[in-house]
Each structure stands twice: as structure tokens, then as C-alpha cells.
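Structure first, then comments.
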Amino acid sequence: MRLDRFISSQLPDVSRRDVKKLCLKGRLTVNGKRAARSDMHIDEHSDSVALDGTEIIYREHIYIMLNKPQGVVCATRDGLSKTVLELIPPELRRRGLFPAGRLDKDTEGFVLITDDGDFAHRMLSPSHHVEKTYFVRLRDPWESSYTNTFSEGFDDDEGGRWRAARFEGSQNDPCECLLTLTEGRYHQVKRMFAQLGNKVEFLKRISIGEMELDPTLPSGGCLEILHKDVDKLLASKTL
Ligand code: URA
């Protein structure tokens, strides 16, 4: 890969033209030696590239766990509301980031932000049955019949069927529960409970696949998911 392409793919605020200037100023090194030309070729997997002495570790793609607050939209651009991309800190920003899947504006919790389209497709595709778990606070106490209703699946509100889901009522609070789904249809949790005559008052996604939202991550906070852990987002127990 050319050095200028390497740098601009890893540091979105640095253009290829900037890389030329950095070379002229002697700020870039490859394996400890000053990089003279921005068009030189490097091996992104084995060469050590540094800017001002700080090594730039190559990542083909990036995967970010965001704890989305209420009031923020899962979009790359929005004329009115703040988007999830505006919450990404500068050191994790790069071109092509997007939210893999949507939470409603008033839903909180785990959103994956990535620049890996193939991965996002696998995670979101209904055929992959990736489990997503939601913490739900209901208007009215949950009923013991919910467990079977959800585990069997039931007719939806548009002539089809909701797939089987796992319902776990809280033993501490009669209005709190967890619901695990393997599909992600528009307003799905709210619509499912509405059909049971109840109402979702608060909704937070707490896990995707086998990866839980880090409980220490503050609302609006982000952390990079290490490559060795990324496949946990695709791994699911079957319902
Ligand atoms: N179900 C909903 O109703 N809303 C969400 O944001 C996610 C799942």
C-alpha cells in the first residue's frame, strides 16, 4: 500500500496532500527511518509507520461500541437532531463509519458503529438470527403468560408473524423485564408489547450476540471493540 493511502485511511483528518508535507517536514518514519516520499510502498501488516514518533497501528476496519443516549438518531446525517456519528471521539473517527442497525431516538444503549459493510450485513441479516437483548420498563406489570407467548411467536400487526423471542420478567420489579429478539423490525419491541395491551416506557439495548454493553460505559461513551472480540457480535445461542 502507498504510504499516503495508508496514512489517510487511518487518520481521516490527514489528506494525501498533507502526507506529502509531513514527509517534507520529516515527521513520518517507516521502520525508524525518515520517509522521504509519500508515494513509497509499505507493508501495512509488517512495517512500523510513525507520525512524530507515535506508531500508527493498522486496522483495516474499526468496530465501536456506543452507549447511545436518548435524543440522538442512528443516522450518518440529520438536519435536525444530533447523530450517533457526532459522538465518536476524534481518535476513533474515520471515513465510511455508519451505525450498523437502528435504535429509535428515544431508545438507549448498544449501537455498533463500523466501517465494515460486509460485517454489518451479516450482523443485521435476519437469516443470521443474531440475538439482541433489550431491557424494558413497562407501563403495566408483566404477566406470566408473556413467557410462552413470546417463546412461541405470535401474529404481528401487519398480517405476518413475530419470530420466537425470549422473555424474562424481573423478580424485583413487576414492570421490568428483558426481551431477546433475533430480528430487528421497525419499533419491534414497542409494537410487540402494544399488541399484548401493554406499553414500553423505557427501552435500552444491552447486548448484541454474545457481547454485552460495557456497564462502565457512560451514556454517550464509546469504546473500540478489539478485533479478537468482534466475532462475539455474531455469536448467538439459539432461542
Ligand atoms: N424495538 C423498538 O421498539 N425500538 C428500538 O429502538 C429497538 C427495538
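The values are calculated or read from the model by the stated rules, or taken from the named source; none is laboratory data. Note that this is a predicted model, so its numbers are computed, not measured. Glycine gets a Cβ as well: all are built from the backbone with ideal geometry, and neighbour counts include every protein chain shown. What goes into the accessible areas is simple: the full protein's heavy atoms, side chains included, and nothing from ligands, DNA or RNA. Shrake-Rupley method; radii C 1.70, N 1.55, O 1.52, S 1.80 Å.
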Q) Which pairs do you get when a residue that is free of Cβ contacts under 8 Å to residues at least 40 places away in the same chain, found in region 167-186, comes within reach of a residue that is open to solvent by less than 60 Å² (accessible area, probe 1.4 Å) and within 14 Å of the ligand (Cβ to nearest atom), reach meaning Cβ atoms under 7 angstrom, with the pair 6+ apart or on two chains? A) F167/F150; F167/C177; F167/L179; E168/C177; E168/L178; G169/C177; S170/C177; C175/L138
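Residues that are within 30 Å of P126 (Cα to Cα) and touching a helix residue (DSSP H, G or I) at 6+ places or on another chain (Cβ under 7 Å): which strands (runs of 3 or more DSSP E) entirely in region 1-106 hold 1 or more of them? Break it down into steps so the answer makes sense when it comes.
Working: elements: 28-30, 49-51, 63-68, 98-100.
Passing ranges, in order: 63-68, 98-100.
Answer yes if at least one residue in region 125-134 is closer than 14 Å to F110 by Cβ and of a type in the set (A, V, I, L, M, F, W, C), and no otherwise.
Step one: filter region 125-134 for residues closer than 14 Å to F110 by Cβ, giving 130-134.
Filter once more, keeping what is of a type in the set (A, V, I, L, M, F, W, C): 130.
Within region 125-134 (the criterion being closer than 14 Å to F110 by Cβ and of a type in the set (A, V, I, L, M, F, W, C)), the answer is yes, since at least one residue qualifies.
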(Q) I'm trying to understand the selection: among the residues of region 174-183, which are more than 12 Å from the ligand (Cβ to nearest atom), within 19 Å of G209 (Cα to Cα) and in a loop (DSSP other than H, G, I, E, B)? (A) T182
Q | Qualifying positions in region 192-220 - of a type in the set (K, R) and in contact with an Asp or Glu (Cβ under 6 Å, 6 or more places away or on another chain) | A | K204
Q: Could you run through region 123-165 and say how many residues are open to solvent by 70 Å² or more (accessible area, probe 1.4 Å), among the basic types (K, R) and either in a loop (DSSP other than H, G, I, E, B) or touching a residue at least 40 places away in the same chain (Cβ under 8 Å) (or both)?
A: 3
Q. All but one of (1) open to solvent by 50 Å² or more (accessible area, probe 1.4 Å); (2) of a type in the set (S, T, N, Q); (3) within 12 Å of the ligand (Cβ to nearest atom) hold for Q171; which doesn't?
A. (3)
(Q) Restricting to region 120-134, count the residues that are out of contact with any helix residue (DSSP H, G or I) (no Cβ under 8 Å at 6 or more places or on another chain), more than 18 Å from V189 (Cα to Cα) and not hydroxyl-bearing (S, T, Y). (A) 2
Q.
Taking the criterion of being within 21 Å of G96 (Cβ to Cβ), in contact (Cβ under 8 Å) with a residue 12 or more places away in the chain and either touching a Leu at 6+ places or on another chain (Cβ under 6 Å) or not aliphatic (A, V, I, L, M) (or both), would at least one residue in region 28-41 satisfy it?
A. no
Q: Can you give me the number of residues within region 107-122 that are more than 21 Å from I57 (Cα to Cα) and assigned to a loop (DSSP other than H, G, I, E, B)?
A: 1
Q: Identify the residue in region 184-200 that is more than 9 Å from the ligand (Cβ to nearest atom) and surrounded by 15 or more Cβ atoms within 10 Å (Cβ to Cβ) and, among all such residues, is nearest to R137 (Cα to Cα).
A: N198
Q | Members of region 201-239 that are open to solvent by less than 50 Å² (accessible area, probe 1.4 Å), touching a helix residue (DSSP H, G or I) at 6+ places or on another chain (Cβ under 6 Å) and of a type in the set (D, E) | A | none
